[in-house]
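The values are calculated or read from the model by the stated rules, or taken from the named source; none is laboratory data. Being a predicted model, the structure only gives us computed values, none of them experimental. Neighbour counts are summed over all protein chains in view; Cβ atoms, including those assigned to glycine, are modelled from backbone coordinates with ideal geometry.
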Amino acid sequence: MNKALLTFCISTLLFALSCGGSSNNAVTNSKNGEVKKGVVPVADAEIAVIEMETPAYGTVKLELYSNIAPQMVARFKELAKEGYYNGIAFHRINQTVIQAGDSNTKAGAVPKAPGREGDSGKPNVPAEFSDVPYNTGILGAARFGNDVNSANSQFFIMLKREAAFDNKYTVFGKVIEGMNNVMTISGVPKDGERPQEPVRIKNITIVAK
């Protein structure tokens, strides 16, 4: 075998090895960070139950996906159990999402920094992107600006399909009951994206299914 043919065979083998294996659980790079590909969401044994202060807004039940976003799910559960979300309001409501988790929205709260929304005071959570699409009811992790590794305490629930969010925000759960209540919350009177009156969470509890 001549040298040119040998080189061609080795190159072909290396290419085959680099493309081999299962396509499941693959991780690819994008301009927004690493994206887990082909991972099917698996609901945790525990769910989150959001109870609102105003009875008319009811409750919302969420399944959580630790197999996709273990760090964000762990943070959400931790904050819920600590009572962080008690009294926090949905501060951003538009045609696409309702969003909560800003510590500045608690009654009597002192803003942490001028012009910056509040967080839990805990370290930020790194991006855990996946190719799970942002469909109606999906639970996503909000972040500060363009820093993909700045998720902390804020979360949002999708009101409709939004392809522009895909691969750019961490998916960590989904509404399994109470989407009608989410839609009721989305319809409150607003000034821009801000509700005219506080739409407060009474508590979020983590319970077994």
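Looking across the stretch 139-168, the residues that are closer than 25 Å to GLY87 by Cβ and among the aromatic types (Phe, Trp, Tyr) come down to PHE144, PHE155, PHE156. Reported count of residues in the stretch 77-95, each being part of a loop (DSSP other than H, G, I, E, B), over 21 Å from THR136 (Cα atoms) and more than 16 Å from the chain's Cα centre (by Cα), is 5.
Within the stretch 77-92, residues that are under 19 Å from TYR65 (Cα atoms) have Cβ atoms under 7 Å from residues that are not in a loop (DSSP other than H, G, I, E, B) and not basic (Lys, Arg) in these pairs: LYS77/ILE206; ALA80/ALA48; ALA80/ILE204; ALA80/THR205; ALA80/ILE206; LYS81/ILE206, counting only partners at least 6 apart in sequence or on another chain. Being touching a Lys or Arg at 6+ places or on another chain (Cβ under 8 Å) and in a loop (DSSP other than H, G, I, E, B) is a description that does not apply to ILE98. Of the residues making up the stretch 65-118, just one is at pLDDT below 95, among the hydroxyl-bearing types (Ser, Thr, Tyr) and out of contact with any His (no Cβ under 9 Å at 6 or more places or on another chain), namely SER103.
So, ASN149, is that one assigned to a loop (DSSP other than H, G, I, E, B), touching a residue at least 24 places away in the same chain (Cβ under 8 Å), touching a Gly at 6+ places or on another chain (Cβ under 8 Å) and not aromatic (Phe, Trp, Tyr) or not? Judged against the criteria, ASN149 is a match. Of the numbered conditions (1) under 16 Å from THR59 (Cβ atoms); (2) among the charged types (D, E, K, R); (3) exposed (fewer than 14 other Cβ atoms within 10 Å of the Cβ), LYS160 satisfies every one except a single condition; which is it? Against the list (1) under 16 Å from THR59 (Cβ atoms); (2) among the charged types (D, E, K, R); (3) exposed (fewer than 14 other Cβ atoms within 10 Å of the Cβ), LYS160 comes up short only on (1).
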